[in-house]
Amino acid sequence: MVLEPILLLVLACSIIVGLTLGLLGGGGSILMVPLLSYVAGLDPKQAITTSLFVVGVTSIASLLPHARAHNVKWGPGLIFAGASMSGAFLGGLGSSLIPGPVLMTAFAVIMLASAGNMIRGRKKSAAAQPGQRSLMLFAPAGLAVGLVTGLVGAGGGFLIVPALALLAGLKMAEAVGTSLLVITLNSAAGLLGHLNSTTVNWPLALAITAAAVAGSLIGARLTSKVPEKKLRRGFGYFVLAMGVVVLVQELPSPANLILPAAALAAGLGRFIYQRRLPAAPSN
């Protein structure tokens, strides 16, 4: 049973998760599994299953305002989702065969990759139409993203957004909006796979979902008002720190000290490098 102060902390953090998901089309959900595992006290597999439910419902709430702004490209999104849903379902089924600590370690690696992507920033995609070779990569890319989603409970937005921008030639705003469609369908497929072997504390899941949805609606409204670059980069460093915490918790000694230290050193080096870059000329 989750104690009331801890539940309040979980709900407050869930609002932040939803806020980031609504603003960036991904990223916030990467924190949901550690939040459920280390703060709410769920076992890793139950945390992953609950995360898929929360992220899926929250993505629907974030998707609606993006759709009204015409930032959702349904054709490319559904094609990509078709392949990724298969991977998410298979990942959800396969996760029952993998020990919880291994899943959490894999999740930490995904967190570090996500942090690196957010700190480094996204390159603006050209407005040119995607080539035939790029579209041929849609299926394998979607399948890979889906497997990640199903196995470790991350929505995969940090992978989906650049994939849609590069392979489908979408503008960044369109890639963010369309990624929410893919995340919704991925999460649903992954959840179905996990429910085969895992139970969910539904009162807790629904309470967390309500908080995350509230945050996502606020985030979607702030999309045009908050500098995306600064928000994404700051959140990236936060995810990096959280990934290090998970590695310290899950890895045996001395790897639980060496690998996190290397990740922190890389993040610090990137921060110093970016601080020393000359400011871009203003228009």
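Please treat every number below as a calculation from the coordinates, not as lab data. It should be emphasised that the depicted structure is a prediction, and the values quoted were computed from it without experimental measurement. Cβ coordinates were reconstructed from backbone atoms using ideal geometry, including for glycine residues, and neighbour counts include every protein chain displayed.
In this simple spin-label model, placing a label point 7 Å from the Cα along the Cα-to-Cβ direction at both I98 and A173 gives a separation of 3.7 nm.
When the C-alpha to C-alpha distance is required to be over 25 Å, the pairs from K45/K171; K171/K225; K45/K230 that qualify are K45/K171; K45/K230.
When peptides 138-147, 161-170 are ranked by their average number of other Cβ atoms within 10 Å per residue, the highest-first order is 161-170, 138-147.
Placing a pseudo-label 7 Å from each Cα along the Cα-to-Cβ vector at E4 and K229 gives an inter-label distance of 4.7 nm.
Working note: Karplus 6.51/-1.76/1.60 with θ = phi - 60° gives the range 101-112 the couplings x, 5, 4, 5, 5, 4, 5, 4, 4, 4, 4, 5 Hz, where Gly and Pro are set to x.
Here's the picture: a label point sits 7 Å out from the Cα of S197 along the beta-carbon direction, and within the range 80-117 the residues with their amide nitrogen under 14 Å of it are 89-104.
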